[in-house]
Each structure stands twice: as structure tokens, then as C-alpha cells.
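Asker: Below you will find the structure I want to go over with you.
Bear in mind these aren't lab numbers, they're just calculated from the coordinates by the rules spelled out. These figures come from a predicted structure and were not determined experimentally.
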Amino acid sequence: MRITRVTKRRRRLGMILVMGLLVVGGLVIKESDLNLYPGTEVHEIAAAEEPPSISSPLPLEQISPPPAEYVVSPIPKPNGHEQTANQEITVNKPVKPDKVKPEASTKKNLISLTFDDGPDRKYTPQVLDILKKYGIKATFFLVGTQVEKYPEIAQRIVDEGHTIANHSWDHKNLTKLPPKALSVEIDKTQKAIYEATGITPTLLRAPTGAISKSVLDALHEREMLHVYWTVDTRDWAGTSVKDMYKNVMKNTHPGGIILLHSFGGRKNALDNTIDLLPKIIEDLTAKDYSFVTVEELITANQALPAIVK
Ligand SMILES: [Zn+2]
């Protein structure tokens, strides 16, 4: 009787021990499984540090073909940035890049207006007049052939404090070019802009936003960055002022980059851009946004990593 009880107790203890080992073993296996894929953890940590909306930026392969400026693009929707009424940066006095401390400006609602395809003599001067009237700075992505035709307008852009950037030599799809031709598209435009203005751009926006790893590598070799957009107005297509206004007001978030044009598009389409501009400047300012150049957006640590690479 006594022996049986002891035996039973031993068996019970044995079973508990075995079950305990199984549980611990399970945990160990689980943990070691995780260790087999350390990338998982790293990825989770990396994702948590990124802006909430860009938790999974598209790999390059998925970006090409990207949302084109001639096609409705998916709009990243940053959120979680606090708005602050206590703005130091005002519309009339954009802060110079070297004066913006990243830690001090993380809560500012900075956004950038960008104008592609110029310069020209019809629309670019009108855009510049409006920007001057409101005392705000923007970024112009210029096409080399246009700079060659209108160097004085390129100079005016620089004189009035805007950022001048590269938009290829003749608006080719950069992803379709062999390395040598790709270099020509970038370097010939850099040279034309330098000759017209004395400035060597550090930013490029590929025509229609079409980029590939080769395009990005070519830019990074030259210490340049590619700049996408977060709001595509489709102004080149003659989109109505009302529709563009609704799109911009709904989809602009801190760190936003709004895509507009100062040349090209369908006949007289950019008349709408000229009408739209004062309205969005006034109403986004009323919503506590400050307009800065893309360079300033980057310096202020407000550019979204999926948009400026
Ligand atoms: Zn373009």
C-alpha cells in the first residue's frame, strides 16, 4: 500500500517534471526560432521608429513603375504629428536650413510646394509673383532644355530664394536609359542649371516619378536625393480648381510635398494652377501649415523617408 502510494507520487512528480520540461522546451524552441530570423526583430524596431503612415515603405521593385505625375498616385497619409499653435516659423519668414534645429522643429507643420517642368516665360513668372506676394518659398524641378531656353527665369527663381532642382534634361523616363544616357540626363541638367544660376542642385525628381535602383544609385553617387510627392494635383491635365483644392486640403499633412507644374500640360491647363495657388496658400496657412523648400523640409527632419530618398 505504502509502496504503491510512493510510486504513484513519483509517477505524478515525474509527469509534472516532463510537462514542465515540455513547456520550457517549447519556449526555448520558440525563442530559438525567432533567433533564426533576427531580421524580424530588427524590422519591427525599424518600423516603430518610422512615421506611423510609412510603416511599410514599398521596396524599390514595387515603386517602379511608380505613381506617375500623369497618373493618380497613392497618397501617403501621415498622421500622429501633433499640431501646434505656437509656431515660430511664419509664412512671411521662412527659416533658413542652417537655423532649423531638427529637435526644435519636429512639431512644426512644414509642407512644400513643388513646381515641375519649368522654367518658362508664361506660367513660371506668375507662380513666382504669387509666391513673392505671400512671402513663401517653394522648390522648382527644372528641365534642362527649358533652363537652356530661359536661363534668366531660372536665375529669378534663385534670386527670390527658392530651391532649384533637377528634373532631367528632356523629360525622359530615366528607368529606361542605359547608364551613360542616364548620366547625361542628370549631369547635363546640373551643368545647365549651374551655368544659368551658379547653383548645383542636390535634389532631383525623375520625370513622372519613375525611379529604379540604378537611378537612385546614380543620384546617391552624386550626393543627390530623389524627391517624390505626397499630393498630386494633376494640374497638367486641366483638373478643375475646385477638385484640386479639395484634393490638396484633404490630403496635405505635415511633411507633405504638393506636386504642381509651372510649364507643360494640356493647353492652358496651368491657368487653373495659377487660380488655385493663392487659395491653397491662404487656407493651408489658416490650418497652421508653414511653407518651406524641400531642402528646408529635409533639414528640419520633416521629409518622409518614403518620399525623399
Ligand atoms: Zn515633369
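Asker: For residue 261, list long-range residues whose amide hydrogen, built 1.01 Å from N in the peptide plane, is under 5 Å from its own amide hydrogen.
Answerer: The answer is 116.
Asker: Continuing with this model, one more query. Quick one: Karplus J couplings for segment 134-150, per residue in order, coefficients 6.51, -1.76, 1.60, θ = phi - 60°, nearest Hz, x for Gly and Pro?
Answerer: The phi angles translate into 8, x, 10, 10, 9, 10, 10, 8, 9, 8, x, 4, 6, 5, 4, 6, 10 Hz.
Asker: Can you run phi through the Karplus equation (6.51, -1.76, 1.60; θ = phi - 60°) for segment 112-127 and list ³J(HN,Hα) in whole Hz, with x for Gly and Pro?
Answerer: For segment 112-127, the Karplus curve yields 10, 8, 10, 10, 9, 6, x, x, 9, 9, 9, 8, 4, x, 5, 4 Hz.
Asker: Determine ³J(HN,Hα), in whole Hz, for all residues of segment 252-262 in sequence, where each value follows from phi through the Karplus function 6.51 cos²θ - 1.76 cosθ + 1.60 and θ = phi - 60°; x replaces Gly and Pro.
Answerer: Once rounded to whole Hz, the list reads 7, 9, x, x, x, 10, 9, 8, 9, 10, 10.
Asker: Check which residues have an amide H placed less than 5 Å from residue 166's amide H, if you skip close sequence neighbours.
Answerer: Amide H neighbours of residue 166: 142, 203, 204, 205.
Asker: Let me ask something else about it. If you stretched the chain out fully between residue 158 and residue 246, how much longer would it get, using 0.36 nm times the residue separation minus the C-alpha to C-alpha distance? Kindly include the intermediate steps, with their values, before the conclusion.
Answerer: On the way: separation 88, 0.36 × 88 = 31.68 nm, distance 3.05 nm.
Full extension of this stretch gives 28.6 nm more.
Asker: If the limit is 30 Å between Cα atoms, which of 191/242; 191/213; 213/267 go over it? The partial results should precede the final answer.
Answerer: Numbers: 191/242 39 Å; 191/213 23 Å; 213/267 34 Å.
Among 191/242; 191/213; 213/267, the Cα-Cα distance tops 30 Å for 191/242; 213/267.
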